[in-house]
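Rule-based calculations on the coordinates, nothing more; no lab input. Predicted model only: the values in this text are computed from it and were never measured. Please note: Cβ atoms are built from the backbone with ideal geometry, for glycine as well, and neighbour counts cover all protein chains shown.
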Amino acid sequence: MKKSIKIIALAIFVCFFFSFISQNIVNSKILDKSSSSNRIFSVLDNFENKNPNLKLSINYLNASSSYDYGFKVGKLYRFQLKFLNFITNSNQKNSFKENQIEDEINFMESYCPQFLDEFRGLSDSLNIEIEKLLILQKKIYSLLRGECTATVATGDATKNNETFLTFNLDNRIDSPLKIFYKLFLNRLFSWKCWVIKINTLRYKYALFGMPIIYELAFLNEEGLGWASPGIPFTKNQSRYVDEGPGISTMLIERLVMMTCKNVTEAANVWKNVERANQQDSSWYNQYDGSSEVYCDKEGGILAIEQTHNYIITAFGNSTEITGVREGILWHANHHKWLDPFKTGSVTIEEYPSSGTRDKRAGELLNESYGNITLDVCKQITRDHGGGFDPNGKDSGDICRHFDKTDKIVTAFSWIILPKKLTVYWTHRSPCRSLFWKHDFSKIFGD
């Protein structure tokens, strides 16, 4: 299995890297200034977007239907997907539970048939069976996702009645190969966004990654913003993990951005869909059961903990659930409101970094409560004050760095301002980078 994963990872790196080169995504250097001084970062941030070589590459894809979307994606990535399909499906027999892919197809037909139509279009475009494309999607998605940290603040918690969502995407790099296919590719992906408009669905949305196969939709034209910290599940075989078939987390995340305009609608989708959580079947769907964080331009904020049978939705005013002041929420990688001994989530004893980052995020939001601004949010993403070493950078910080405790780093950060349809993005470790401003009000309007 490990050899198979290495082959798949290398194939992903080769295909996606040359895809970026062939499409002329980015041809520039990113400033690499490292300092703990907020004063220096303030000076650097005045240079946002003034370098003409540092611009987000936007690709637009308009489709008449979900089938048409899949068909067009197949044409765009024909070589890459055919090659990756050959690699990933050469060792599939022992990777899946019996009937798992068939079950997922049936759930898609019942709950979100548009995704099945996408795969039909992709299948017809590539002449590859739908089942094999689902396997490919799951393996790529699982290899590239990480364990992250997110915060949201709104209303009276902010200085000017604004709404902010911060997200640090972290990648585990415990081998040289992972530095390339996780860290490097995610940073490269962050410089290229797709704006997707499917005429049969409600909203235009922006994603980074690769359409359909590794599609992380972070903002739609109505101002709904997204982050997903991720929930690892316990490796203690004596503990119960809440499992069951349904729609995978990656597809539900996409469904929300395609069809919802605010956090209330997002919560309803998550509560009413049959959610998959099948942790012990293989490594490829390790992020089913992930936590979710949303914001909207109406000032709404939402955090969700969920598994197959359990779900809790915490809004900005859900103080009876969260036990914190109104207008702030934050999440790392363990269940805080659901019982981890019923869901199977790791505990902070099993994953200490999740506890340190969660505690520190809460401290920072509370310290600035009533005065949270964009600059405060930038400082949160760059913070090194709450980890295992209060005076240094380590894997227990919000801005994570490789150390003896854990081989994990923050790949990049973003801050979403939904009322302005604007995203500030670092494209690498936030403590070593600028936040580049990307105005999606103009991008969605094109």
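Residues in segment 254-259 carry Karplus couplings, in order, of 5, 4, 4, 5, 7, 10 Hz; the curve used is 6.51 cos²θ - 1.76 cosθ + 1.60 with θ = phi - 60°, and Gly or Pro positions show x.
Whole-Hz Karplus values for segment 308-316 come out as 5, 9, 10, 7, 9, 10, 10, 8, x Hz, taken residue by residue from phi with 6.51 cos²θ - 1.76 cosθ + 1.60 and θ = phi - 60°; glycine and proline positions read x. Considering only alpha-carbon pairs that sit under 8 angstrom and 6 or more positions apart, the relative contact order computed for segment 219-333 is 31 percent.
Each label point was placed 7 Å from the Cα along the Cα-to-Cβ direction; for Y60 and F83 their separation is 3.0 nm.
The simple spin-label model puts a point 7 Å past each Cα toward its Cβ; for S110 and K197 those points are separated by 3.5 nm. Note: relative contact order over segment 341-446, using C-alpha pairs below 8 Å and six or more positions apart, is 16 percent.
Is the shape of segment 253-359 rounded, prolate or oblate, going by the alpha carbon gyration tensor and its root eigenvalues a ≥ b ≥ c, with a/c under 1.5 for rounded and a/b larger than b/c for prolate? Oblate shape, in that a/c is at least 1.5 and b/c is the bigger or equal ratio.
Of the cross-linked pairs K393/K419; K82/K138; K235/K342; K139/K437; K139/K359; K75/K442, those separated by over 23 Å at the C-alpha level are K393/K419; K139/K437; K139/K359; K75/K442.
Listed by chain and number, the aspartates and glutamates whose alpha-carbon sits under 12 Å from that of K420, ignoring those within fewer than 8 places in the same chain, are E162, E221, E222, D296, E298, D439.
Each label point was placed 7 Å from the Cα along the Cα-to-Cβ direction; for K75 and N160 their separation is 4.4 nm. Is segment 196-255 best put as rounded, prolate or oblate by its Cα gyration tensor, with a ≥ b ≥ c the root eigenvalues, rounded for a/c under 1.5, and otherwise prolate when a/b is larger than b/c, oblate when not? It is prolate, given that a/c is not under 1.5 and a/b is the larger ratio.
Please state the shape class of segment 144-445: rounded when a/c is under 1.5, otherwise prolate if a/b exceeds b/c and oblate if not, all from the C-alpha gyration tensor. Rounded.
Couplings for segment 263-277, taken from phi via the Karplus curve 6.51 cos²θ - 1.76 cosθ + 1.60 with θ = phi - 60°, read 6, 5, 5, 4, 4, 5, 4, 4, 6, 9, 8, 7, 8, 7, 7 Hz in order; Gly and Pro are left as x. Computed on segment 144-445, with alpha-carbon pairs under 8 angstrom and 6+ residues apart, the relative contact order is 23 percent.
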